[in-house]
1. Normalised by the empirical 2.2 N^0.38 Å for globular proteins, what value does the Cα Rg of region 36-80 take?
2. I need to check one value: relative contact order of region 6-110, counting alpha carbon pairs closer than 8 Å and at least 6 residues apart, in percent.
3. How far, in nm, would the chain grow between LYS96 and ASP17 when pulled straight, counting 0.36 nm per residue and subtracting the alpha carbon separation?
4. Once the cut-off is 19 Å, how many percent of the Cα-Cα pairs in region 52-104 end up in the long-distance tail?
5. Mind telling me which of VAL98, VAL38, VAL60 comes out most flexible in a GNM of the chain, alpha-carbon contacts under 10 Å?
6. Tell me which label goes with the value of percent of Cα pairs over 25 Å apart computed from the coordinates here: [x] 58; [y] 14; [z] 17.
7. Angle check, please: helix 54-65 long axis (alpha carbons) against the longest principal axis of the chain (alpha carbons), in degrees 0 to 90, nearest 10.
8. As a test, work out the antiparallel percent of DSSP beta bridges whose residues both lie in region 6-120, rounded to the nearest 5.
Amino acid sequence: MTVKIIAPKLGGVVLADGSHLAADEKIDGAPSVLFDGVALVLSEDGAKLLTGEKAALDFVSDAYAHCKAIGHTKEALALLDKAGAQQDAFFVGLEKRVDDLISKLSTREWAREVKVKLPV
């Protein structure tokens, strides 16, 4: 399994303890379609910032529309809500269930398709 850190800027982010986490990709340069699933590991401040960023909303709504597993911290729920992602079996709270997210990466939540397809 390959993990990529995606952030608003290539410079990365400052963590709660003051340390720096480098980013592998910038959020508007690494669409979620490239990944088997996504994990939204956000602080409250980070979630507030990203709910106002179109690239972040697009990243999340695309992951949702592509039926991918979405791991999240409780703080990330505001971003998911703003992106129009409705919780289902492939939403995984990361506080306790990281293994659940990993187990879902090899498949998709196909039942979600009816929620995201435009009527013909």
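1. For region 36-80, the normalised Cα radius of gyration comes out at 1.04.
2. Once normalised by length, the contact order is 23 percent.
3. 26.4 nm
4. 21 percent
5. Largest GNM mean-square fluctuation: VAL98.
6. Computed from the coordinates, percent of Cα pairs over 25 Å apart corresponds to [z].
7. Rounded to the nearest ten degrees, it is 40.
8. Working: 2 of 11 bridges.
Percentage antiparallel, nearest 5: 20.
We did not get these values from a lab; they are worked out from the coordinates using the rules stated. Source: prediction; values computed, not measured. Ideal geometry is used to build each Cβ from the backbone, glycine not excepted, and the neighbour counts take in all protein chains shown.
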